[in-house]
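Since every read-out is calculated from the coordinates, none of them should be taken as a lab result. A quick note: this is a predicted structure, and the numbers were derived from the prediction, not measured. Every residue, glycine among them, receives a Cβ derived from its backbone with ideal geometry; neighbour counts consider all protein chains shown.
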Amino acid sequence: MRPNKDKILNLLKNIHLNNEKHDIVTNNSVSNVVVFDNEILIDLKILNPTLQSKNKVKTLINNVLKKEFENNFAIKINFIVTLPKKKTILNDDKVLANVQNIIAISSGKGGVGKSTVTANLAISLNQMGFSVGILDADIYGPSIPVMFDVNEKKPLASNVNGKSKMKPVENYGIKILSIGFFTRMDQAVIWRGPMASKALNQMIFDADWGELDFLLIDLPPGTGDIHLSIMQSLPISGSVVVSTPQNVALIDARKGVSMFKQENINVPVLGIIENMAYFTPEELPKNKYYLFGKEGAKNLSTDLKVPFLGEVPLIQNIREAGDIGRPASLQESKIINDIFNKISKNMISELLIRNEKLPATEVIKIKTMSGCSAIK
């Protein structure tokens, strides 16, 4: 028997998720069904994006459909993950009201690749269908403009409700603001803390960010008054700490995690990312050389009881891509794309876990079967 949409929908009415009263068709979890050649394609909305949850759903659907159609058709499921609305922690709910999630990305120590990770996470999220912006808050060492090949650009003015606002510079679909747009590359920024905080406030509150699903804040290394100013001024959804595996970096990463857990900051730590985790030569693809130590950041995450989001190996192309202003996640490298897609999805999962009781507002479709990242 050849399947058709109505027949498949009737069969799917036999499936209930998490002991829910209504089946997956009645509760509108199934958003679309397509039969193409020898494939059955199903779009399915879920709240829980974990691998265990997805495998459970796949098994239930496969059992029902393959029993009816005798394994003659390949079944592919595109999971649509429902994201929650960000939690506002300030009394003024108009602060960046059009930005759904604000993620602070930090490192206890400089030189661990925090900005490189930020740039590639932004591209990865954008390829999933999210609208993304980056605030380069590293006042004394802004590098995001170089990594996006916009270091010669300047923000333009726009009129928003009768007020003049800065319009972020945009490239590769990412909106960017940085102090680097207002200084020369050979000019040192010699500012005291209050001056730096004032400049950041202008880039945050006097900017026309528009509608954003994610605003990534590339914080300066260490812990200081800039961090405190941002954490207390914005409704931060969560934070990410980047570290290399070596002990000297881990000591500072531990301090970074501790900062976010301070009572006067209290920002959820979504996880730790280990950068420069190992090196694999092209001529020896099965070999891993742990130049800076093995799994240091991963062990730190276990010790501190915070999630480990993933590791980024030493890959020459990642460094070269940042230097020429085209983040490596834009290139056709399955290895690099898979690395940052996995980290991005883990970060989103942790965000969902911490906001699971909040109403859902944003929907993305993660095409796990096809290799595409996602579409909105």
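Couple of notes before you dig in:
- Cα convex hull of the chain, projected area averaged across orientations, nm²: 21.8 nm²
- Partner aspartates and glutamates for LYS167 [C-alpha distance under 18 Å; skip if fewer than 8 residues away on the same chain]: ASP136, ASP149, GLU152, ASP206, ASP208, GLU211, ASP213
- Rounded to 10°, Cα long-axis angle of helix 334-354 versus longest principal axis of the chain: 90 degrees
- Straight-distance candidates among the aspartates and glutamates for linking to LYS298, with alpha-carbon spacing under 20 Å and chain neighbours fewer than 8 residues away dropped: ASP252, GLU274, GLU311, ASP338, GLU350.
- Considering all different alpha carbon pairs of region 5-84, the Kirkwood hydrodynamic radius works out to 12.8 Å.
- Approximate spin-label separation LYS255-ASP23, in nm, with each point projected 7 Å along Cα-to-Cβ: 6.0 nm
- Distant-in-sequence amide H partners of VAL99 (H built 1.01 Å from N, under 5 Å): LEU212
- Note on region 152-274: Cα convex hull, mean projected area over all directions, 9.4 nm².
- Taking amide H as placed 1.01 Å from N in the peptide plane, the amide H of ALA277 sits under 5 Å from that of VAL312, LEU314, each at least 5 places away or on another chain.
- Across LYS45/LYS294; LYS153/LYS345; LYS76/LYS334; LYS21/LYS305; LYS76/LYS288; LYS54/LYS109, pairs whose alpha-carbon gap is larger than 27 Å: LYS45/LYS294; LYS153/LYS345; LYS21/LYS305; LYS76/LYS288; LYS54/LYS109
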